[in-house]
Amino acid sequence: MTEEPDLDSVLERMEELRRRLVTAHTGRSTEGATGSAGGGLVRAEVNAAGELQHLRISTLLADPADTHTLAATVLAAVRDAQDTVVARYRARFRDLLD
């Protein structure tokens with residue numbers, strides 16, 4: 001016969017998990033990230049939702065004859081920053097279940 005779990009310990013565990021989820025989610029709302037590409041010639045800052053907040057482009061990369069390279073490098077920097085935010089968020093929630 002299987003022993004029934006202690007209801008108090010189950011409720012305690014659920015409350016602890018709820019507190020950890022709230023803490024993890026609250027921390028996420030204040031964290032952004034910076035990504036870079038082109039050897040640091042382009043830097044992009046995103047907020048916790050992954051939205052672009054600031055973009056810095058070195059004049060060394062600003063060649064009017066080669067806008068394709070500029071666009072690709074900007075896109076890579078933004079994606080790098082967004083990937084960082086996503087990785088932090090996933091790690092925070094993965095740690096909750098440990």
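Calculate, for Asp83 and Leu11, the FRET efficiency according to 1/(1 + (r/R0)^6) with r their C-beta to C-beta distance and R0 30 Å; round to the nearest 0.05.
Using R0 = 30 Å, I get an efficiency of 0.20.
Run the helix sum for the chain: -39,500 (n - 2.57) per DSSP H stretch of 4+ residues, divided by residue count, reported at 222 nm to the nearest 500 deg cm²/dmol.
Helix-only estimate at 222 nm: -19000 deg cm²/dmol.
Ordered by residue, what ³J(HN,Hα) values in Hz, to whole numbers, does region 53-63 give under the Karplus form 6.51 cos²θ - 1.76 cosθ + 1.60, where θ = phi - 60° and Gly and Pro are x?
Running phi through 6.51 cos²θ - 1.76 cosθ + 1.60 with θ = phi - 60° gives 10, 8, 9, 10, 10, 5, 5, 5, 9, 7, 9 Hz.
Enter the accessible area per residue of the chain (Å², integer; probe 1.4 Å; all protein chains in place).
Result: 72 Å² of accessible area for each residue.
Relative to the longest principal axis of the chain, what angle (0 to 90°, nearest 10) does the C-alpha long axis of helix 7-28 take?
Value to nearest ten degrees: 10.
For the chain, what does the relative contact order come out to in percent, with C-alpha contacts under 8 Å and a separation of six or more?
Over the chain, the number comes to 28 percent.
The values are calculated or read from the model by the stated rules, or taken from the named source; none is laboratory data. Note that this is a predicted model, so its numbers are computed, not measured. Don't worry about glycine lacking a Cβ; one is built from the backbone with ideal geometry, like all the others, and counts go over all protein chains shown. These area figures cover heavy atoms from the full protein model, side chains too; ligands, DNA and RNA do not enter into them. Shrake-Rupley method; radii C 1.70, N 1.55, O 1.52, S 1.80 Å.
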